[in-house]
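Just so it is clear, none of the values below were taken in a lab; they were calculated from the coordinates. Quantities reported herein were computed from a predicted structural model and do not represent experimental measurements. A quick note on method: Cβ atoms are made from the backbone with ideal geometry, for glycine too, and the neighbour counts reach across all protein chains shown.
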Amino acid sequence: MQIWQQYKGYISVLLLLLLARFVWQPMWLSKQEHWLQLQYSENAQHKARALLALEQDMQQVQQDMQQLLALAEAKLGNGEDLTQFKLHSQQQLEQLFLQHNMQITLSSWREGLAEGGVQTLVLDLRFNGKLKHFLTLLNQLQQSAIIPSMVIIEQQLTIRGQTEVDMGNVDGSISIRLAVARQEEP
């Protein structure tokens, strides 16, 4: 009994520690896990509400994207008769070069990849003339939509005879990519 009295204070502390370790700690961890799950669920619920609120905006963006797609498809040339398209495009560009006093010395076509009903073509042109005429031609090619699907992909220039009053002459080449809509072959 004396031993009991001697260790009575320690036993109550020991029982309190055992109670904390095997009862309160698991309850605390369980409470933390439930709180984290609740927080995760509330975050998911807020995100879902925010997405639902954006439904009209998303529908508007989808309509805008469809309009942009329709505009892009409208810019594609008709590739049903590819030879006719090439001739017509080349004639338009040759006329434009002539309007700017530029002489085309060589032209050649390359066919690019056909994917998703769109065929890419590349027209390589070699030319010569005055540099100031080429710069106005280049500006017009970049600013206006002579051929709507046209993109300049490469250009090389050799400039000769520059003086203080004259920009000189230019010999160069330019590569122009065109896109045409084609029927996919089965």
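Which of Lys31, Lys47, Lys130 moves the most in a Gaussian network model of the chain with Cα springs under 10 Å? Ranking Lys31, Lys47, Lys130 by mean-square fluctuation puts Lys31 first. In this rough spin-label picture, where each label sits 7 Å from Cα along the Cβ direction, the Thr83-Asn139 distance is 4.0 nm. Under the combined filter of DSSP loop state and at most 10 neighbouring Cβ atoms within 10 Å, region 77-186 retains these GluC sites (Glu not before Pro): Glu164, Glu184.
Placing unit charges on each Cβ (+1 for Lys and Arg, -1 for Asp and Glu) gives the chain a dipole about its Cα centre, and among Gln59, Phe85, Val122 the Cα reaching farthest toward its positive end belongs to Gln59.
Its relative contact order, with pairs defined as Cα atoms under 8 Å and 6+ residues apart, puts the chain at 20 percent. In this calculation the C-beta distance from Ser108 to Met167 is compared with R0 = 35 Å, giving a FRET efficiency of 0.80.
Using the Cβ-Cβ distance between Arg21 and Ala48 with R0 set to 30 Å, the FRET efficiency works out to roughly 0.15.
In the chain, taking the dipole from charged Cβ atoms about the Cα centre, the farthest positive-side position among Gly168, Ser107, Leu71 is held by Leu71. About its Cα centre, the chain has a charge dipole of approximately 1020 debye under the convention of +1 per Lys or Arg Cβ and -1 per Asp or Glu Cβ, with nothing else charged. Treating r as the C-beta distance of Leu68 and Glu115 and R0 as 22 Å, the FRET efficiency rounds to 0.70.
In region 95-186, Cα pairs under 8 Å separated by at least six residues give a relative contact order of 33 percent.
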